[in-house]
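The structure under discussion appears below in the form of structure tokens.
The values are calculated or read from the model by the stated rules, or taken from the named source; none is laboratory data. On a predicted model such as this, the values are computed, not experimentally measured, just so you know. Glycine also receives a Cβ, built like all others from the backbone with ideal geometry; neighbour counts cover every protein chain displayed. Protein only, heavy atoms only, side chains kept; ligands, DNA and RNA dropped before computing areas. Shrake-Rupley method; radii C 1.70, N 1.55, O 1.52, S 1.80 Å.
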Amino acid sequence: MTTATISNIKELPSQYDHTAAQEKWYPFWEAPHPGYPGGYFHADPKSDKPPFTIVIPPPNVTGALHLGHALNNTLQDILCRMKRMQGFNVLWMPGTDHAGIATQAVVEKRLREEQNLTRHELGREGLVDRIWQWKQQYEKRILGQLKQLGASCDWQRTRFTLDDQCARAVRETFFKLFKDGNIYRGKRLVNWDTFLQTAVSDDEVFHEQVKGSFWHFSYPVIDPQPGEPEAVTIATTRPETMLGDTAVAVHPDPAKQLDKVEAELKEKLAAAPDKEKEGIQAQIDALAERRETVLPRLVQLRDMAQRGVMLELPLTGRQIPLIADIWAKPELGSGCVKITPAHDANDYDVWQRNQTIGAINILNTDGTLNENVPEKYRGLTVKKARQAVIDDLAAGGFHDPETDVEAREIDLAHSDRSKTPIEPYLADQWFVKMDELAQSAMDAVSDGRVKIIPDRYAKGYLDWLSEKRDWPIGRQLWWGHRIPVWSKEIDKLDPTALTNAKTSDEGWMVEGTFFGDQTDINFTQLSWVQEAVDADSGIVTRYVCLRSDDESLIYKLEAEGYTREDDVLDTWFSSALWPHSTLGWPGQTEALETFYPTNTLITSRDIITLWVARMVLTGLYNMDDIPFDQVYIHPKILDGYGETMSKSKGNGVDPLDVIDQFGADALRFGLAYLTTETQDVRMPVEFVCPHCNAVFKQTKKNRVLPRVGCDKCGQEFHTQWAQTEEDLALPRGTVTSERFELGRNFCNKLWNASRFALMNLEGYDPQPEALAPESLLLEDRWLLSRLATVTKLVTEALAEFRYADAARALYSFAWDDLCDFYVEITKARFAVPEQRGVAQRVLAHALDSLMRLLHPMIPFLTEEVWQLLNSVAPIRALTHPAGGAAAESVCIAPWPEVDESHIDADIERQFAQFQAVISAVRNLRTENNIPPKEAVSFSVRCDAATQALLEPMAAYFESMARATATAMGSDITPPERVASKPLEGMEVHLDISDFFDAEAEKKRLEGEQEKLTKFAKSIQGKLGNENFVSRAPADVVQAEREKLAEVEEKLASIEAALKKL
RNA sequence: GGGCGAUUAGCUCAGUUGGUUAGAGCACUAGCUCGACAAGCUAGGGGUCAUAGGUUCGAAUCCUAUAUCGCCCACCA
């Protein structure tokens, strides 16, 4: 450990060396210490301290961390470090997330680019191996970044959502849900990429306007009654899908719907600006016309639908029903709409409401038409089939190519990865039933067991859950937890086909017949079965869910002809278990016992539903208890243009770049300082030129370029986009933000204030007795009062996640109070031997407390200073020095207690008078152009009490303003030539005989006079208002009167001074 | 389309149940290398609190509308 002596303290650099501190103290914290065999960050479940647990939102192993992660983890670390100091047994559980789609996509992309291989060529195992390699590399990098940041995680417990322990929790949960009947197999529309032959998630889909057409067709009505329409007209942009139509819909109450639309339009019209009124009126007129032309027909059709009328679906020989459904819009087109549930999301919803119509999938996985369409269209691509269908419909008289087609811009979905159009595709899918689970998670928040902070975010959480939409959990990927279900089509007459599978608590193997005479494995404990009958074919499929990953069991199952599901589980399925799976569940571990439920979750708002809600629900389901009792949602970091930071935009900032340049402490303090309740953090991004170190703004243009030329020196450097060897040969330009200068400057200020204190603690004597209160001077009591106030404020603010408030309070205390005043004052006191001791003790104590209060935000610097303090002044308590030496590390030092007895408003007011006089003297000096080196003298007219408090401060006026107080009191006579400044209850006169500049002083006084006159007028205006005097509270009126008197007094003295000039 | 949030100094942000002359950091101006700190010190300049109404003795703060921006969700036959 550091053994600092006074002499080497004098050699400490005048700039804080963040790199050295980071390298020194992180390993120190992780090393074993007496009472902490696993290091300070390791949580022992056997500890008798109360537990405090946070689980990290596991970062994706997709890539490196960005500033958003830095913020998220800084906020968690601040809380953890504070709680540790407050005597809690803190567990911060670290880990990473396998992030199915994102990670697999990144690795596949690399595979294509580097080796020109597709995943199919590599095979499932090969690809998964590749991804594991990627994961090892990035996990290391991510965890390294967190350590650089100073995160005090319990690294010995690091987990990964795809490791064995998490896998066990996933299987157990899936099994439980399966057994409870909460998992079922259904159909789901997915975004199908016919080129890559895979489903892609919504956020991997981009929309592009393309030119297309809008075709009108008519479907004949079968056996219309006299007077009824003989055909219905529908329109589509995708004619080929008509081969999969299973119904045509009309609105169930077209008249009412038209009324509703009209009412909405009228409302809009009333509120609309004039320029839009015309357009809206036209729409209303069109609507009125529709009532005449279209509505009677729609009413007829609606009645026909209710009668069960069928339509002929041309080209297919099929008949489809006319149905009544709200999806049909009477205000649009013909008012009728074709329903293709397997290839359109809205039509899919219509099917959900009208189950009998069925759904027909007409596509193969490669995008060609399948066996569900008439033979002549089979095998055709969508494009070819479209033309064939149009031609055949025209030939059959169902479509007139001359009149029944119009050009239209279509917003077409494309796959981000293959850039080909997306086909909505009906795929088999596993679902989790959400009704009860969602309700339980809603209840936990509505009844306050889980508190979401700020509480406005609870609304989104509850709204989303209240839809209780079943959770599709399968993903057509290879990277993830493979669904633990095996299936086989079985003969209905198979004697092992079971009917009681779902009802028996013992499982389905009651008779032990499944594996013949196999009795070596207790299969019933490890599996559960569901059976499904396909309505059309009558084929029975049996699904066996395995709880264990026992190889021999799997072997036997597969030997029986069962095949495993290809799909893996949604990444959120494993993340949802994070709070309990990481603690060992389903094992009944000591850690789980001690640390579950966890206390606080800190995350960003975009995953409240995807992640937070699901953790609550699985926590309640698996553990029968909430996973955490509060969730703090922190702001997002945006760039200088107000856009979210992302790698793909190129506006991301690597925290390591910031740490290199400014230090982890500066990064952390800067982030905490910016974390306010309502605001997102806007952070202009700059390039740092590696050639000349110039910093210049990143623009929307240059942020996506592989090479950028420096604004200052013109030389080029490469960015994150560099791919070619040529670009990469250039030096790398880092990306940063000047926002962190605040933190760096503050750290440097703290460092130098600490250096000053350490240098002046020579001969420091802790003394066995408490410091006698009467030995404290005004400034000592003032500092202690401020310290107690700030301690209270910071403690309360951090408990309520008001990070910015805490950071601002500490910044202002350290800089404005401690450095600008107390330290300056002690310079004079240290010069006087008999005043040294008390000032040293107060200073050491204040610095000690400040380091502890700052440690959660600024861990490295505070540790550095703490260790130096320990070597110079090991005992620093003010009132109980017998308690012995300070803790061996600030990270386990007790959190400062608020000493209420120190808080003294009178003292603070008195000190403010001193500050006002100092400030007045300095101002008068500057305004009268008196050089700083010149000594001046001044006098203060004031009452006896003020005189008593100011007189002992004479030495400080000398040292801080180079001014000698010549007279103080009520009857002083200022010298002939003075510059005067009236203050509250005082008047400061600076003797300017040697620097007399009548013009300058006159100008100054007149300026001040003008301001005060204006102010006086505004107060007089208020007081002259009868209503104000009679209605405002008496104390407010009184305060205004006193204010006015004050101002008038000041004006009088300025007038006097002017007259004298 | 629905929901949420924002708009305060050139920039990034504070501003407590409505009550001093609306604050901070950066940037800017002037001056300062006195033994903590030039990443600093001292003193300054700079704001019609987005706009329009309303409530009130009194509005940056409360209400209504508008504009602009951002985020989440839904939708786009």
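Looking only at the stretch A:692-702, decide whether some residue is away from RNA strand B (no atom under 14 Å from the Cβ), open to solvent by 50 Å² or more (accessible area, probe 1.4 Å) and at pLDDT 85 or above.
No, that holds for no residue.
When you check A:V1036 against the structure, is it buried (at least 18 other Cβ atoms within 10 Å of the Cβ), in a helix (DSSP H, G or I) and within 9 Å of RNA strand B (Cβ to nearest atom), yes or no?
Spelling it out, it is not the case that A:V1036 is buried (at least 18 other Cβ atoms within 10 Å of the Cβ), in a helix (DSSP H, G or I) and within 9 Å of RNA strand B (Cβ to nearest atom).
Would you confirm whether any residue within the stretch A:947-961 is in contact with a Phe, Trp or Tyr (Cβ under 7 Å, 6 or more places away or on another chain) and either more than 23 Å from A:D780 (Cβ to Cβ) or polar (S, T, N, Q) (or both)?
no
Restricting the search to the stretch A:899-914, which residues are among the hydrophobic types (A, V, I, L, M, F, W, C) and open to solvent by less than 50 Å² (accessible area, probe 1.4 Å)?
Correct list: A:I907, A:F911, A:A912, A:F914.
Please identify the pairs in which a residue from the stretch A:1026-1045 that is within 22 Å of A:E984 (Cβ to Cβ) and free of Cβ contacts under 8 Å to residues at least 24 places away in the same chain has its Cβ atom under 9 Å from the Cβ atom of a residue that is within 6 Å of RNA strand B (Cβ to nearest atom) and part of a helix (DSSP H, G or I), counting only partners at least 6 apart or on another chain.
As it stands, the answer is A:V1036/A:F1028; A:V1037/A:F1028; A:E1040/A:I1019; A:E1040/A:F1028; A:R1041/A:I1019, since those pairs meet every condition given.
Please list, ordered by first then second residue, the pairs with beta carbon atoms under 7 Å, 6 or more apart or interchain, first in the stretch A:795-817 and of a type in the set (F, W, Y), second open to solvent by less than 20 Å² (accessible area, probe 1.4 Å).
Short answer, once both residue conditions are applied: A:F801/A:Y632; A:Y803/A:L75; A:Y803/A:I78; A:Y803/A:A672; A:Y803/A:T675; A:Y811/A:F746; A:F813/A:V790.
So which of A:E762, A:E796 ends up being open to solvent by 30 Å² or more (accessible area, probe 1.4 Å), in contact with a helix residue (DSSP H, G or I) (Cβ under 6 Å, 6 or more places away or on another chain) and not aliphatic (A, V, I, L, M)?
Result of the check over A:E762, A:E796: A:E762.
Scan the stretch A:641-662 for residues that are touching an Asp or Glu at 6+ places or on another chain (Cβ under 9 Å), in a loop (DSSP other than H, G, I, E, B) and within 12 Å of RNA strand B (Cβ to nearest atom) and report the count.
So the answer is 4.
Table: residues versus (1) within 9 Å of RNA strand B (Cβ to nearest atom); (2) at negative phi; (3) in contact with a Leu (Cβ under 9 Å, 6 or more places away or on another chain); (4) in a helix (DSSP H, G or I).
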site	(1), (2), (3), (4)
A:E1001	no, yes, yes, yes
A:R1004	no, yes, yes, yes
A:E1010	no, yes, no, yes
A:K1014	yes, yes, no, yes
A:I1019	yes, yes, yes, yes
A:E1049	no, yes, no, yes
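With the stretch A:793-872 as the region, which helices (runs of 4 or more DSSP H) entirely inside it contain at least 2 residues that are on the phi > 0 side of the Ramachandran plot?
Result: empty, no element qualifies.
Does the stretch A:346-360 contain at least one residue that is under 24 Å from A:V294 (Cβ atoms), among the aliphatic types (A, V, I, L, M) and out of contact with any strand residue (DSSP E or B) (no Cβ under 7 Å at 6 or more places or on another chain)?
No; the residues of the stretch A:346-360 include none that is under 24 Å from A:V294 (Cβ atoms), among the aliphatic types (A, V, I, L, M) and out of contact with any strand residue (DSSP E or B) (no Cβ under 7 Å at 6 or more places or on another chain).
Do we find that A:V823 is under 41 Å from the mean Cα position of the chain (by Cα), surrounded by 16 or more Cβ atoms within 10 Å (Cβ to Cβ) and closer than 30 Å to A:L91 by Cβ in this structure?
So A:V823 fails the test.
Go through (1) aliphatic (A, V, I, L, M); (2) open to solvent by 10 Å² or more (accessible area, probe 1.4 Å); (3) in contact with a helix residue (DSSP H, G or I) (Cβ under 6 Å, 6 or more places away or on another chain) one by one and return the number of the condition A:I607 breaks.
(3)
From the list A:V299, A:V350, which residue is surrounded by fewer than 21 Cβ atoms within 10 Å (Cβ to Cβ), part of a helix (DSSP H, G or I), of a type in the set (A, V, I, L, M, F, W, C) and modelled with pLDDT of 80 or more?
Step by step, each of A:V299, A:V350 is checked, and only A:V299 is surrounded by fewer than 21 Cβ atoms within 10 Å (Cβ to Cβ), part of a helix (DSSP H, G or I), of a type in the set (A, V, I, L, M, F, W, C) and modelled with pLDDT of 80 or more.
Pairs, please: C-beta under 6 Å, at least 6 apart or cross-chain, first residue open to solvent by 60 Å² or more (accessible area, probe 1.4 Å) and in the stretch A:1000-1024, second more than 10 Å from RNA strand B (Cβ to nearest atom)?
Going by the 6 Å Cβ cut-off, the qualifying pairs are A:K1002/A:L1061.
Restricting attention to the stretch A:927-946, which residues are out of contact with any Phe, Trp or Tyr (no Cβ under 9 Å at 6 or more places or on another chain), part of a loop (DSSP other than H, G, I, E, B) and within 15 Å of RNA strand B (Cβ to nearest atom)? Can you show your working first?
Narrowing the stretch A:927-946 to residues out of contact with any Phe, Trp or Tyr (no Cβ under 9 Å at 6 or more places or on another chain): A:927, A:932-933, A:935, A:937, A:939-946.
Still in the list and also part of a loop (DSSP other than H, G, I, E, B): A:932-933, A:935, A:942-943.
Passing the criteria: A:P932, A:K933, A:A935.
In the stretch A:645-666, how many residues are closer than 28 Å to A:Y811 by Cα, out of contact with any Cys (no Cβ under 9 Å at 6 or more places or on another chain) and not aliphatic (A, V, I, L, M)?
6
Sort through A:I892, A:I825 and tell me the only one that's touching a strand residue (DSSP E or B) at 6+ places or on another chain (Cβ under 9 Å) and hydrophobic (A, V, I, L, M, F, W, C). Spell out the reasoning first.
On the way: A:I825 fails: touching a strand residue (DSSP E or B) at 6+ places or on another chain (Cβ under 9 Å).
Checking each option against the conditions leaves just A:I892.
Looking only at the stretch A:61-71, which residues are surrounded by fewer than 21 Cβ atoms within 10 Å (Cβ to Cβ) and either under 18 Å from A:W155 (Cα atoms) or hydrophobic (A, V, I, L, M, F, W, C) (or both)?
Let us first name the residues in the stretch A:61-71 that are surrounded by fewer than 21 Cβ atoms within 10 Å (Cβ to Cβ), namely A:63-64, A:66.
Matches in the stretch A:61-71: A:A64 only.
Of the residues A:W430, A:W478, A:W464, only one is assigned to a loop (DSSP other than H, G, I, E, B) and either among the aromatic types (F, W, Y) or surrounded by 22 or more Cβ atoms within 10 Å (Cβ to Cβ) (or both); which?
A:W478
Every residue in the stretch A:443-461 that is within 16 Å of RNA strand B (Cβ to nearest atom), surrounded by 13 or more Cβ atoms within 10 Å (Cβ to Cβ) and part of a helix (DSSP H, G or I), please.
Those that are within 16 Å of RNA strand B (Cβ to nearest atom), surrounded by 13 or more Cβ atoms within 10 Å (Cβ to Cβ) and part of a helix (DSSP H, G or I): A:V445, A:Y457, A:A458, A:G460, A:Y461.
Could you tell me which of the residues A:Y26, A:Y36 is in contact with a helix residue (DSSP H, G or I) (Cβ under 8 Å, 6 or more places away or on another chain), closer than 20 Å to A:P894 by Cβ and of a type in the set (F, W, Y)?
A:Y36
Within the stretch A:663-685, how many residues turn out to be open to solvent by 20 Å² or more (accessible area, probe 1.4 Å) and either farther than 19 Å from A:L798 by Cβ or more than 11 Å from RNA strand B (Cβ to nearest atom) (or both)?
Qualifying residue count, the stretch A:663-685: 3.
If A:M759 satisfies every condition in (1) touching a strand residue (DSSP E or B) at 6+ places or on another chain (Cβ under 8 Å); (2) within 15 Å of RNA strand B (Cβ to nearest atom); (3) not charged (D, E, K, R) but one, which is the exception?
Tallying (1) touching a strand residue (DSSP E or B) at 6+ places or on another chain (Cβ under 8 Å); (2) within 15 Å of RNA strand B (Cβ to nearest atom); (3) not charged (D, E, K, R), A:M759 fails exactly one: (1).
Which members of the stretch A:214-261 meet the condition of being within 16 Å of A:D404 (Cα to Cα), in a loop (DSSP other than H, G, I, E, B) and touching a strand residue (DSSP E or B) at 6+ places or on another chain (Cβ under 7 Å)?
The answer is A:T237, and nothing else.
Among the residues of the stretch A:577-590, is any among the hydrophobic types (A, V, I, L, M, F, W, C) and either within 16 Å of RNA strand B (Cβ to nearest atom) or open to solvent by 10 Å² or more (accessible area, probe 1.4 Å) (or both)?
For the stretch A:577-590, residues among the hydrophobic types (A, V, I, L, M, F, W, C) and either within 16 Å of RNA strand B (Cβ to nearest atom) or open to solvent by 10 Å² or more (accessible area, probe 1.4 Å) (or both): present.
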